[in-house]
Amino acid sequence: HWMISGSRTATGKPLLCGSPELDSARLPALWQEILLEVGDFYCVGVFIPGIPLPGLGRTNYLSWSATYGCMDMMDYFIEEVKDGKYRRGDEWGPFEVREEVIKVKDGEPRTVRFYENVHGVMDEPEEDGYYLSLANSMRDTGAQALISFTRHYRGKTVEESMDHLAQVDCMAFNWGLADTSGNIGYQMSGKCPIRPEGWRGVLPLPGWDEKYDWKGLYGPDKNPRILNPEKGYFSTSNQDLNYLSEVHISTMPMSEDRTERISELLAAGEDHSVESSMEMQYNVYGKHAEWFMSLIRPLLPDTEKGRLLGDWDLVYTSGSLGATLYESVYFELVKTVFGDYGIGRE
C-alpha cells in the first residue's frame, strides 16, 4: 500500500491505496464487505468472517489498509526429551499437556494432544530424543488486541490510530493510514521478542540452556512508525523497515524492489489521483529485473535467446518471452548460489 499527502494529489487531500494481496475469489470467501452505521458514524470495509472488526476500510474520518509486516515473532527451540520430560540445565521437568477435539466434516472427530513448555508448543514426543518447540510471541494475546483495534477504527486522526494499532499484539502487519485532517502515517503492529545479544533468530536454539531464552518482549513504542513523512508519501511491500525502530524487528524481510518502484512512481508526480493509483496497481515493470539485468546483460551470448533477453524491456506482460527467459536465468542463479555453493540443488 501507499499513502500520499495532499501536497502530491490533484485534490489537495491525502490518498490511501491498499492491496492486501489476499484472494477474494476463494470459496468460502476470505473477505466479507460490510457497511456499519451507528448514529452519524459509518464504517465501510471488509471483515474476515468470525472476527468482529473491519480489517480494511474507511470511516467519516479515517482510512486504513495493511500489508504483512515481517516482524520476527517466532523462534524454534531444540528440546531434549526423556521419559516424557524435557531438560532444563541438569533437571527434567514435565510438559503441560492439552487435548483438543477437531471436528471433521462428514467424519469422526479427532483428538490431538499438544505439549507445551516454557518456550512454546511441540508435537507429542513418542520416544526419547530431540524435538522442535515453537515459541510465538502471539501465544498470550486476545482481549488487548480486540480493544486496541476497536479504539483504532473509532479514532478520528492518523496519530491517534497509530498509537492503538501499535498495541495490536496478535499480528505483525504494516498499517497505512490517512485522515480527513490531511495526515498520513505508517505503523507496524505485533510484539517482538527480546532475543539474546547477537542472535537473529534464524536457526533453532538449545532449549536446555537458559541463556538462549527470550528476555521478554519489546513494548509497542519500539514498533516501526512514521507520521507525515517530509517527502509526502510512504509505501510498504514487506520490505526491511528496521531503520524506523530503535531495535531489530525484522530478520528476513522481502526485497526492496516493489517499494522502490512504487516510490519512483510516487516521486514522479504531484497530482496523484484515484486513477493514477489504479494505473500503478497494474504496473508490471520489474525493478528486481532491472537490478539483475545490469549484471546479466554484458554476459549474454550472441544467440537468438541471448539477444531476446538482452533487448527485453523489463516489463512482465503476459506474452513476454523476455520475462520468461529472465525468470529461467534467475532461477538458475538461485540454484547455483544456494545449491552448488550452499545446501545442494535438491
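The values are calculated or read from the model by the stated rules, or taken from the named source; none is laboratory data. Everything numeric here is computed off the predicted structure, so don't read it as measured data. Please note: Cβ atoms are built from the backbone with ideal geometry, for glycine as well, and neighbour counts cover all protein chains shown. The area values use the complete protein model at the heavy-atom level, side chains included, leaving out ligands, DNA and RNA. Shrake-Rupley method; radii C 1.70, N 1.55, O 1.52, S 1.80 Å.
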Equivalent ellipsoid semi-axes, the chain, via Cα gyration tensor eigenvalues times 5, rooted, Å = 38, 32, 20
Round to the nearest 0.05 the FRET efficiency obtained for Val315 and Lys231 when R0 = 30 Å and r is the Cβ-Cβ distance.
-> 0.70
Could you name the lysines in cross-link range of Lys305, using Cα to Cα under 27 Å and dropping any fewer than eight places away on the same chain?
-> Lys287, Lys335
Taking N as its residue count, the alpha carbon Rg of the stretch 251-346 over 2.2 N^0.38 Å = 1.31
Per-residue [θ]222 nm for the chain (sum of -39500 (n - 2.57) over DSSP H runs n ≥ 4, rounded to 500) = -6000 deg cm²/dmol
So which lysines can Lys211 reach, going by Cα to Cα under 22 Å and dropping same-chain residues fewer than 8 places off?
-> Lys82, Lys85, Lys191
Which GluC sites (Glu not before Pro) from the stretch 110-159 combine a DSSP loop assignment with at most 13 other Cβ atoms within 10 Å?
-> Glu126, Glu127
What number, in nm² with one decimal, is the all-direction average of the projected area of the convex hull of the alpha-carbon atoms of the stretch 41-157?
-> 11.2 nm²
Under 24 Å from Lys13, Cα to Cα: lysines that are on another chain or at least 8 residues apart | Lys156, Lys231
With the 8 Å Cα cutoff and a minimum separation of six or more residues, the stretch 49-122 has a relative contact order in percent of 16 percent
Mean Cα-pair separation over length for the stretch 1-136, i.e. relative contact order, pairs under 8 Å, 6 or more apart, % | 16 percent
Tail weight of P(r) past 13 Å, computed on alpha-carbon pairs of the stretch 159-226, percent = 68 percent
For the stretch 246-346, size of Cβ-based charge dipole, Lys and Arg +1, Asp and Glu -1, in debye = 440 debye
For the stretch 291-308, in residue order, the Karplus 3J(HN,Hα) values (coefficients 6.51, -1.76, 1.60; θ = phi - 60°; whole Hz; Gly and Pro = x) are 4, 6, 5, 5, 8, 7, 4, x, 9, 6, x, 7, 10, 4, 6, x, 5, 4
Considering the stretch 145-262, what Rg and Dmax in Å follow from its alpha-carbon atoms?
-> 16.0, 54
Under a point-charge model restricted to the Cβ atoms of Lys and Arg (+1) and Asp and Glu (-1), what is the dipole moment magnitude of the stretch 165-227 relative to its Cα centre, in debye to the nearest 20?
-> 120 debye
Note on the chain: contact order normalised by length, alpha-carbon pairs under 8 Å, 6 or more apart, percent, works out to 17 percent
Within the chain: Cβ-based charge dipole about Cα centre, in debye rounded to nearest 20 (Lys, Arg +1; Asp, Glu -1) | 680 debye
The alpha-carbon center of the stretch 181-253 and that of the stretch 52-87 are separated, in whole Å, by 12 Å
So the FRET efficiency between Lys215 and Glu99, C-beta based with R0 = 35 Å and rounded to 0.05, is 0.65
Positive dipole terminus of the stretch 1-138, leading residue within Cys43, Tyr115, Val81 (C-beta point charges) = Cys43
Of the peptides 218-229, 79-90, how do they stack up when ordered by the mean number of other Cβ atoms within 10 Å, highest first?
-> 218-229, 79-90
Karplus couplings for the stretch 118-127 from phi (6.51 cos²θ - 1.76 cosθ + 1.60, θ = phi - 60°), rounded to Hz, Gly and Pro as x?
-> 5, 8, x, 10, 9, 5, 5, x, 7, 7
Semi-axes, largest first, in whole Å: what does sqrt of 5 times each Cα gyration tensor eigenvalue give for the stretch 303-346?
-> 25, 11, 7
Determine the per residue accessible area of the chain with all protein chains present and a 1.4 angstrom probe, expressed in square angstrom.
-> 58 Å²
Could you run the Karplus curve 6.51 cos²θ - 1.76 cosθ + 1.60 with θ = phi - 60° over the stretch 267-272 and give me ³J(HN,Hα) per residue in whole Hz, x for Gly and Pro?
-> 5, 7, x, 10, 9, 5
Accessible area of Val274, 1.4 Å probe, to the nearest 10 Å²?
-> 80 Å²
Can you pull the percent of Cα pairs in the stretch 91-225 with separation above 17 Å?
-> 69 percent
